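Structure first, then comments.
What follows draws every value from the coordinates through simple rules; no lab data is involved. Computed from a predicted model, the values in this text were never measured in an experiment. Backbone-built Cβ (ideal geometry, glycine too); neighbour counts: all protein chains shown.
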Amino acid sequence: MRPLLRVCAAVVAVVIAVAGSLQSPAASAETIAIIGTDAVADALGPDFATLGHKVVYGSRNPDRDKVRELVKRTGESAAAMGQAEAAAGAEIVVLAVPWDVIEEVVNSLGDLSGKIIIDPTNPRSVGEDGLRWYAHEISNAEILQQLAPNAYVVKAFNTMSASTMREPETAGGPVSVPLVGNDLKAKQTVAALITGIGLEPIDLGPVRYARIVEGMYYLRSNARMSGHPFNYHLRPQP
Ligand SMILES: NC(=O)c1ccc[n+]([C@@H]2O[C@H](COP(=O)([O-])OP(=O)(O)OC[C@H]3O[C@@H](n4cnc5c(N)ncnc54)[C@H](OP(=O)(O)O)[C@@H]3O)[C@@H](O)[C@H]2O)c1
């Protein structure tokens, strides 16, 4: 996102009363581990770095050219390393990995107690008609919270494309980021990241509502496939 637009977006985001509870003091510089190095990592990593955070990518192969290029583009303080090493040194861990490997990934990351885990994953099955639907009875965010009970899981970023995360200004208007999680402070921290990169956070409750937020992805994805793409914008009632 361009710097001027970023500043404007941050100012607008402060003015917008998204959900009073999400407003918090300016976030301090944190180390953010992004596990995975594909589209979501590529969109969020460089943007989080411009907010003053140290971004480290956790990769199964951190030395390959594509990852080196991403690190370089992210900025001087960025780095890439193994997934567990990246998570160990971070206060915030983004699980930008395929939805069906979260269990093995989380179990390999070591102790995540006290860390914020941002979950953008979209578990899905695809019907014979090509439409998306739930892959299991429970949300990925709840599975994560069960696997790491002393971490603060926040579901976020799953209801938009990686390109909208990277360039919200191309969406034609404001874009909401629904987030759910059990810990208000963790949600405030994630909300500050969201407003910082030009998107609008909206708190939809505790993690047990993640299944609904994951379902929002199916509606958006189905609409995109039928040629009528949209983004969510949940406008606060005056
Ligand atoms: N793409 C989008 O527009 C979008 C939008 C919203 C949400 N999401 C969700 O966000 C998540 C990330 O999506 P994505 O498109 O960025 O990437 P992805 O194709 O789901 O893979 C992301 C990364 O995960 C790592 N990875 C792959 N298989 C793994 C395994 N078996 N164990 C551990 N790590 C593995 C790889 O990193 P290394 O090779 O470096 O290890 C890969 O670059 C997905 O769950 C997706 O549903 C995607």
Quiz prompt | Answer from 117, 92, 143, 197 - the residue that is without any contact (Cβ under 8 Å) to a residue 40 or more places away in the chain and β-branched (Val, Ile, Thr) | solution = 117
Practice problem: Restrict the check to segment 170-185 and report whether at least one residue is within 24 Å of residue 142 (Cβ to Cβ) and among the acidic types (Asp, Glu). | Solution: yes
Self-check item: Among residues of segment 146-156, those that are outside any loop (DSSP other than H, G, I, E, B) and either touching a residue at least 24 places away in the same chain (Cβ under 8 Å) or under 14 Å from the mean Cα position of the chain (by Cα) (or both), counted
Solution: 5
Quiz prompt | Meets criteria (surrounded by 14 or more Cβ atoms within 10 Å (Cβ to Cβ), closer than 13 Å to residue 144 by Cα, within 15 Å of the ligand (Cβ to nearest atom) and not polar (S, T, N, Q)) for residue 70 | solution = no
Exercise. Mind listing just one residue for me: the one in segment 85-102 that is in contact with a helix residue (DSSP H, G or I) (Cβ under 7 Å, 6 or more places away or on another chain) and within 10 Å of the ligand (Cβ to nearest atom) and, of those, nearest to residue 161 (Cα to Cα)?
Key: 96
Quiz item: Restricting segment 73-84 to residues that are part of a helix (DSSP H, G or I) and closer than 25 Å to residue 153 by Cβ, which is farthest from the ligand (Cβ to nearest atom)?
Solution: 74
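Can you name every residue in segment 56-67 that is in a helix (DSSP H, G or I) and within 11 Å of the ligand (Cβ to nearest atom)? Talk me through it step by step, then tell me what you get.
Taking segment 56-67 and keeping what is in a helix (DSSP H, G or I), we get 65-67.
Selection gives 66, 67.
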